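K.L.:
I have a structure I would like to understand better, so I am pasting it below and will then ask my questions one at a time.
The values are calculated or read from the model by the stated rules, or taken from the named source; none is laboratory data. Note that this is a predicted model, so its numbers are computed, not measured. Quick reminder, even Gly has a Cβ in these numbers, built from the backbone with ideal geometry, and neighbours come from all protein chains shown. What goes into the accessible areas is simple: the full protein's heavy atoms, side chains included, and nothing from ligands, DNA or RNA. Shrake-Rupley method; radii C 1.70, N 1.55, O 1.52, S 1.80 Å.
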Amino acid sequence: QSALTQPASVSGSPGQSITISCTGTSSDVGGYDYVSWYQQHPGKAPKLMIYEVSNRPSGVSNRFSGSKSGNTASLTISGLQAEDEGDYYCSSYTSSSTVLFGGGTKLTVL
Amino acid sequence: QVTLKESGPVLLKPTETLTLTCTVSGFSLSNPRMVVTWIRQPPGKALEWLAHIFSNDDKSYSTSLKSRLTISKDTSKSQVVLTMTNLDPVDTATYYCARMSSGSLLFDYWGQGTLVTVSS
C-alpha cells in the first residue's frame, strides 16, 4: 500500500488561510470517514488536530478545519499564526484494516 | 493522566532483532475501546504505521512489514511489545507507540518516541 499523497510543502503569510490536500483511493480515504490530521513540530511527537474528517479534539483551535470530497481529504488552517508552522500528516483507515499515513506537508509561515 | 513510554535498545546491527516495549498508564489494555499502535518515522521522513493490537488480542500489521513484525501485550504489566526481525539500516527511525481509540480510529496520545539506529 502506498502512502497517501500530500503536497511536500505549503506556505502562507500570517492571517492568511492555507489548505493541505491528502489524496488516497476508494479503499482508504474515499471509503471511510476515518481521516485524521496530525501536526508535528521538530523533535516532538505528532499531535491530533482533526479526526473523522472534520471533528476537532478539545483544545484544538477552531482555525483548523477538515473536509473530504471523494478520495481527497483537506485540512484548512485559517488566520495563520507563526505557531502553526510545522509538518502535517493525514492518516486514513483502509479496507485491509490497516492505517495509512500521508507523506507529510511542511507548512511555512512567511 | 494517560501516558505511553517506549523503551528498548538504541543501537542494533543489521540482521538483529528489535524488541520495543510500550508501557502505558492512565488506561487499561483490557478496555475494548483502546488500541495500542506502533508507528515509526525515519529521520527527516514521514510517519509509517506498523501494527496495532486490540484488547481482545486481535492484531493488524503493515502489509509491507508483516513478515517481520510481531505485536503482543501483557495486560497485567500494561505493556505492549513489538518485535521486528532481520533489521536493516533503513529501519533506523524514531519508533512511537500511540493509543488509538477503536471508535474513531484516531491516535490521541503518543509516547515521546525512541530513536533506534541500525548500523554495522
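K.L.:
Quick one: is residue A:35 hydrophobic (A, V, I, L, M, F, W, C) and either within 14 Å of residue B:106 (Cα to Cα) or open to solvent by less than 10 Å² (accessible area, probe 1.4 Å) (or both)? Give the derivation first.
P.N.:
Numbers: hydrophobic (A, V, I, L, M, F, W, C): yes; either within 14 Å of residue B:106 (Cα to Cα) or open to solvent by less than 10 Å² (accessible area, probe 1.4 Å) (or both): yes.
So residue A:35 passes the test.
K.L.:
So, one more: From the set of residues in the range B:3-20 that are hydroxyl-bearing (Ser, Thr, Tyr) and in contact with a Leu (Cβ under 8 Å, 6 or more places away or on another chain), which is most open to solvent (accessible area, probe 1.4 Å)?
P.N.:
Of the residues in the range B:3-20, the ones hydroxyl-bearing (Ser, Thr, Tyr) are B:3, B:7, B:15, B:17, B:19.
The next check asks that each one be in contact with a Leu (Cβ under 8 Å, 6 or more places away or on another chain); those that pass are B:7, B:15, B:17, B:19.
Working: B:7: 57, B:15: 99, B:17: 72, B:19: 65 Å².
The residue in question is B:15.
K.L.:
List the strands (runs of 3 or more DSSP E) that sit entirely inside the range A:43-110 and contain at least 1 residues that are more than 9 Å from every other protein chain (Cβ to nearest Cβ). Walk me through how you get there before you give the answer.
P.N.:
On the way: elements: A:47-50, A:64-69, A:72-77, A:86-93, A:99-101, A:105-109.
So the answer is A:47-50, A:64-69, A:72-77, A:86-93, A:105-109.
K.L.:
Something else now. Within the range B:9-120, which strands (runs of 3 or more DSSP E) (wholly inside it) include 2 or more residues that are more than 10 Å from chain A (Cβ to nearest Cβ) and closer than 28 Å to residue A:56 by Cα?
P.N.:
On the way: elements: B:18-25, B:34-41, B:48-53, B:59-61, B:69-74, B:79-84, B:93-101, B:106-110, B:114-118.
Fully inside the range B:9-120 and qualifying: B:18-25, B:34-41, B:93-101.
K.L.:
Being within 11 Å of residue A:20 (Cβ to Cβ), polar (S, T, N, Q) and surrounded by fewer than 22 Cβ atoms within 10 Å (Cβ to Cβ): is that true of residue A:67 here? First the steps, then the outcome.
P.N.:
Numbers: within 11 Å of residue A:20 (Cβ to Cβ): no; polar (S, T, N, Q): yes; surrounded by fewer than 22 Cβ atoms within 10 Å (Cβ to Cβ): yes.
Answer is no for this residue.
K.L.:
All but one of (1) assigned to a loop (DSSP other than H, G, I, E, B); (2) open to solvent by 40 Å² or more (accessible area, probe 1.4 Å) hold for residue A:29; which doesn't?
P.N.:
Unmet for residue A:29, out of (1) assigned to a loop (DSSP other than H, G, I, E, B); (2) open to solvent by 40 Å² or more (accessible area, probe 1.4 Å): (2).
K.L.:
Could I ask something else about it? Determine the pairs where a residue that is over 11 Å from residue A:69 (Cα atoms) and within 10 Å of another protein chain (Cβ to nearest Cβ), located within the range A:23-38, has a partner that is at pLDDT below 95 and not in a strand (DSSP E or B) with Cβ atoms under 6 Å apart, the partner being 6 or more residues away or on another chain.
P.N.:
So the pair list comes out as A:34/B:105.
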